[in-house]
Amino acid sequence: MRTTIAKIGSTLFLFFGLVNQVNAQEIVGAWKGKLSVQGMEILLVFNISSSEEGVYTSTMDSPSQGATDIPMDTTTFSENTLTIQLKQAGIKYLATLEGSKLIGTFYQKGMELPMTLNKTIKTKPGNTDLPSTDAELEKLANYSPTTYKYSVEDYFARPKARGFGFSPNGAYLSYREKDENKKNHVYVKNLTTNKVVRVIEEKEELIRGFGWANDSRIIYVMDKGGNEDYHLFAVDIDGKNQKELTPFDGVKVKILNNLKEDKNHLIISMNKNNPQIFEPYKINIVTGELKQLYKNEDAANPIDGYVFDKEGNLRGFSKLRDGVNFDIYYTLDGENYKILKELSWKDTFTISSFNYASTYEHDAYVTSNLDSDKTKIYLYDLKEDKVIKPLFSHNDYDVSGISLSRNRDYELDYFAYEGEKMNIIPVSNYYKKLHKRITKKFPGYNYSIADKTDDENKYLVFLQSDKLYGVYYSYDAKKDEFKLLYNLMPNLIEDDMAEMRPITFKSRDGITLHGYITLPKEALNGKVPVIVNPHGGPQGIRDSWGFNPEAQLFASRGYATLQVNFRISGGYGKEFLESGFKQIGRKAMDDVEDGLKYAVDKGWVDKDNAAIYGASHGGYAVLRGLTKTPDLYACGVDYVGVSNLFTFMDSMPAYWKPYLKIVKEIWYDSDVPEEKVIMDEVSPVYHTDKITKPLFVVQGANDPRVNIDESDQIVQSLRDKGVDVPYMVKYDEGHGFGKEENSIALYKAMIGFYAKHLKKDNATPIKD
């Protein structure tokens, strides 16, 4: 009898042990569920793992807050009950495993919320076997000596404080300030009492932008890990009443009008009803109440832009037609919208602002190139569809800006255009005096009005140059007094920085091209290595004069930086812009090569030590350069660049799809046989056999513009051929790195890569 009982006991022990083992295996993995809090649903994911000794650990993801892999303090699983705690945040989750579900309660700071978790699979974008290890990238970074006066951090650490702005009434000052953990919180300072309050706490997700909605409330936007699905939030200036105004997953918010005349509302647009279509809403910044202002139901021909007046009335919009044309609609009565203009997508006709100084409600300031190569600013009668009078133009450059004074009955203050540098042309007597005062006080610097109070008694003046990172001054107009507010990077001494020179030269087919070269001080003694840096876009984008942290870092290591505004760049008129259509990877690359030849012929740089580096289209240009002219460059760095034109066009976000025909007119159309041949020719992934020089590839995993697959393709193809390609992927970034630690890691590895592959051998004196 005893033997039988013993056998039964042993069997039961083995059975229960097996059950526990099975349960342990079942509990390990990723579990997701939703919390319902005040009408909002918050997605949470717990990632549970177990050691060989049976010790459980876990992390928590909060995708809506952009937070991933938050380590939990304790994780236990006993008698079918799971307990997870994060003491610092006052979080506890207690649940019972019932079949394939965890049914339990989420506790935090007095709240008890039911939450059921379901097993899921946590995946990362792209091929996770491809990225280089941290150790490999650190080894790459270590090729660069550490004996320089300025470190990578000196150029790419975020300023201690930045983003200053006055409340509309001038009583408060808002700004971002970095803490010891490199989190950039938003603060509000009472300018009378000097009391400072932290109103927005930055957690795992970056605050992508913020500003004053009115005198008592601040708005800000965040996305998730760089995916660009921006959500809108608001908070009181004491840090209370924080609210997510647009809690919609997969929806992107754009702010259209801040409604100075209606302090509790904004006008925004969202692709809430259809991912491809953005529709306008009036939103209450306190309650989040939404009112849709117009329906845009034609996904094939969506409305591209809305025009509201200062009271928030919808006065007009531009609507895509047949994928390549735009119809400008305008209303005379506020209800019926009729076509004002039928335009090609290549045309510019933009209502910059209504002329509120006029009693005639249809007067408007319009930026247009319908009658000229360069964009000009006109005073325009929208009712009669005719020019009242031209206001400003430039023979060589597009006009880019106009400013009105709300305080002085919307008097026209100035025009602006960008040539070699930014230029402000004062119009009003008031602004002529202000402009003269600022330029006399700070000669040789570019300035901008970063902010001003509604009564225009206080200004924030931002100064910058090619050698100055940026300095804020406050200006009291009544006292005519400037005060230094903040130097963003006081550690970077101007005299130590390199000069950025504007350059002008001819392309091989006779087009006048502009750009910039930043030369290190070593160039005074002889030719130096050069980093050729094509810009992104490419259409309508251009490089500009001013402080460039990349170029200054490169100069500090003895490298010149060459930036060419190749054909298709913006600001030089529509003929120059359109000359680059269907020339991406071809004549646009020729222009870059001609810029390098110009710098070589001037005696500035060493033709045998040229690297090519760029981001987005610039990253594509790197890959194309290494395949088009494989002997021209010593190495290349591709940052979020396109490698395959076919997959690039197939992977565009939904809200870009209606504009695919336009993209095909700028780039190439695979449905046209001869253009498909060109796409094959200029897609670097099909020509990796020509890449004979070292390549470093960098990618944000959540990039909605250039999918990670673009970088994976080029890395995989080269590695299949036995080529060693260092590959940096950050899984909490999108189209470019926004987090300080990631940015610093990137530039350390990049500088190490250049140190490994570029020689520094000065030979002959530089020519002027």
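Bear in mind that the values in this text are calculations on the coordinates, not laboratory data. Just so we're clear, the structure is a prediction, and the values are computed from it rather than from any experiment. Quick reminder, even Gly has a Cβ in these numbers, built from the backbone with ideal geometry, and neighbours come from all protein chains shown.
Compare the peptides 750-758, 611-619, 710-718 by average per-residue count of other Cβ atoms within 10 angstrom and give them in order, highest first.
So the order, starting with the most tightly packed, is 611-619, 710-718, 750-758.
Counting only residues 5 or more places away or on other chains, whose amide H sits under 5 Å from the amide H of Ile568 once H atoms are built in the peptide plane?
When sequence neighbours closer than 5 places are left aside, the close amide H contacts are Leu577, Ser579, Gly580.
Only one of the values [x] 1.48; [y] 1.06; [z] 1.00 was calculated from this structure for Cα Rg over 2.2 N^0.38 Å; name its label.
[y]
Would you tally the net charge around Leu259, using a Cβ to Cβ cut-off of less than 9 Å, leaving Leu259 out, and scoring K and R as +1, D and E as -1? It would help to have the intermediate numbers written out before the result.
Values: positive: Lys260, Lys263, Lys282, Lys310; negative: Glu261, Asp262, Glu311.
Net charge in that neighbourhood comes out at +1.
Evaluate the distance, in nm, between pseudo-label points positioned 7 Å from the Cα of Lys759 and of Gln38 along their respective Cα→Cβ axes.
6.5
Using alpha carbons only, how many degrees (0 to 90, rounded to 10) separate the axis of helix 673-682 from the longest principal axis of the chain?
For helix 673-682, the angle is close to 80 degrees.
What percent does the relative contact order of the chain come to when contacts are Cα pairs within less than 8 Å and at least six residues apart? Could you put the intermediate results ahead of the total?
Working: 1682 pairs, mean separation 72.0, N = 768.
This gives 9 percent for the chain.
Once R0 is set to 35 Å, what does the formula 1/(1 + (r/R0)^6) return for the Cβ-Cβ distance between Glu674 and Ile339, expressed as a FRET efficiency to the nearest 0.05?
Details: r = 35 Å, r/R0 = 1.00.
Result of the calculation: an efficiency of 0.50.
Under the rule of at least 5 residues apart or a separate chain, name every residue whose amide H is placed under 5 Å from the amide H of Val199.
Excluding prolines and chain starts, which carry no amide H, the hits are Val186, Tyr187, Val188.
What do you get for trypsin sites (Lys or Arg not before Pro) in the stretch 444-515 restricted to DSSP loop and a cutoff of at most 14 other Cβ within 10 Å of the site's Cβ?
Values: sites: Lys452, Lys458, Lys467, Lys478, Lys479, Lys483, Lys506, Arg508; in loops: Lys467, Lys478, Lys479, Arg508.
For trypsin sites (Lys or Arg not before Pro) across the stretch 444-515 that sit outside H, G, I, E and B with at most 14 neighbouring Cβ atoms in 10 Å, the list reads Lys478, Lys479, Arg508.
Expected output is a single nm value to one decimal: the length gained when fully extending between Thr193 and Glu138, i.e. 0.36 nm times separation in residues minus the C-alpha distance. What is it?
Working: separation 55, 0.36 × 55 = 19.80 nm, distance 4.78 nm.
My answer for the length gained is 15.0 nm.
Please give the length that would be gained between Lys87 and Glu53 if that part of the chain were fully extended, namely 0.36 nm times their separation in residues minus their C-alpha to C-alpha distance (nm, one decimal).
Numbers: separation 34, 0.36 × 34 = 12.24 nm, distance 2.42 nm.
Between Lys87 and Glu53, full extension yields an extra 9.8 nm.
Looking at the stretch 25-120, how many pairs of lysines come closer than 24 Å at the Cα, when each pair is eight or more places apart or spans two chains?
Lysine pairs meeting the criterion: 15.
Could you check the simple spin-label distance between Thr359 and Asp496, using points 7 Å along Cα→Cβ, in nm with one decimal?
6.3
What's the extension gain from Phe581 to Asp381 if we count 0.36 nm per residue and subtract their Cα-Cα distance?
Values: separation 200, 0.36 × 200 = 72.00 nm, distance 3.28 nm.
Answer, rounded to one decimal: 68.7 nm.
Below 8 Å between Cα atoms, with a sequence gap of 6+, how large is the relative contact order for the stretch 25-120 in percent? Write out the running numbers ahead of the final one.
Numbers: 208 pairs, mean separation 21.0, N = 96.
Relative contact order here is 22 percent.
Under a 5 Å amide H to amide H cut-off, with H placed in plane at 1.01 Å, what residues pair with Asp304 once short-range neighbours are removed?
When sequence neighbours closer than 5 places are left aside, the close amide H contacts are Ser318, Lys319, Leu320.
Take peptides 622-633, 165-176 and line them up by average Cβ neighbours within 10 Å, highest first, as a rough protection proxy. Could the numbers behind the result be given before it?
On the way: 622-633: 22.2, 165-176: 19.4.
Going from most to least packed, we get 622-633, 165-176.
With axes computed from alpha carbons, what is the tilt in degrees of helix 587-601 against the longest principal axis of the chain, rounded to the nearest 10 within 0 to 90?
Value to nearest ten degrees: 70.
Show me 648-660, 46-58, 260-272 ranked by packing, highest mean number of other Cβ atoms within 10 Å first.
Working: 648-660: 16.5, 46-58: 14.8, 260-272: 18.5.
Top of the packing list down: 260-272, 648-660, 46-58.
Grab the other residues whose beta carbon is less than 14 angstrom from that of Ala357, score K and R as +1, D and E as -1, and report the net. Let's see the in-between values first.
Numbers: positive: Lys310, Arg406, Arg408; negative: Asp309, Glu361, Asp363, Asp409, Glu411, Asp413.
Local charge sum for Ala357: -3.
Kindly provide the trypsin sites (Lys or Arg not before Pro) of the stretch 49-153 that DSSP labels as loop, not H, G, I, E or B, and whose Cβ sees at most 15 other Cβ atoms within 10 Å. Don't jump to the answer; show the numbers that get you there.
On the way: sites: Lys87, Lys92, Lys101, Lys109, Lys119, Lys122, Lys139, Lys149; in loops: Lys109, Lys122, Lys149.
Those satisfying the criteria are Lys109, Lys122, Lys149.
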